[in-house]
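Visitor: First, the structure itself, so that you have it in front of you.
What follows is calculated from the coordinates using simple rules that are stated; it is not laboratory data. Given the structure is predicted, the values throughout are model-derived calculations rather than measurements. A quick note on method: Cβ atoms are made from the backbone with ideal geometry, for glycine too, and the neighbour counts reach across all protein chains shown.
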Amino acid sequence: MNREIRPELLQCMLDAGFSEAETETVRSEDCCAVFSMLEAHRRRLLCEVHECERNIGIIDYIIYQLKKDLCAKESKNGD
């Protein structure tokens, strides 16, 4: 089976990080396989987002602690 897929949808897939081969899968696989592939890719991306959010939280904590420590030392030295 080789179904016709709108070019803008294929471009969206590429923009979302799918490979050329994966975009071709959309043309040739049955609907269940296509949706399964799309959902798996979405889950992977969401895991990456959560990991990035966690890292941002850690960096925010470091910034907060360093500011607190450095400002406390500077105010003691300034007295």
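Visitor: Under unit Cβ charges (Lys, Arg +1; Asp, Glu -1), what dipole magnitude, rounded to 20 debye, does the chain have relative to its Cα centre?
Guide: With Lys and Arg at +1 and Asp and Glu at -1, about 400 debye.
Visitor: Okay, next question. Between R27 and R43, what length comes free when the chain is fully extended (0.36 nm per residue of separation minus the Cα-Cα distance, one decimal in nm)?
Guide: 3.6 nm
Visitor: Over 15 Å, how big is the tail of the calculated P(r) for the chain, in percent of all Cα pairs? Write down the numbers at each step before the final one.
Guide: Details: 2146 of 3081 pairs.
Of all Cα-Cα distances in the chain, 70 percent exceed 15 Å.
Visitor: Next question. Given the Cα-Cα distance of R3 and K68 and 0.36 nm per residue of separation, how much length would full extension add, in nm?
Guide: Extra length available between R3 and K68 comes to 17.4 nm.
Visitor: Moving on. Per residue of the chain, what 222 nm ellipticity follows from adding -39500 (n - 2.57) for every DSSP H run with n ≥ 4, rounded to the nearest 500?
Guide: -29000 deg cm²/dmol
Visitor: Putting +1 on Lys and Arg Cβ atoms and -1 on Asp and Glu Cβ atoms, find which of I58, Q11, S28 reaches farthest to the positive end of the dipole of the chain.
Guide: The one lying farthest along the dipole's positive direction is I58.
Visitor: Classify the range 1-47 from the C-alpha gyration tensor, please: rounded if a/c falls under 1.5, else prolate or oblate depending on whether a/b exceeds b/c.
Guide: Oblate shape, in that a/c is at least 1.5 and b/c is the bigger or equal ratio.
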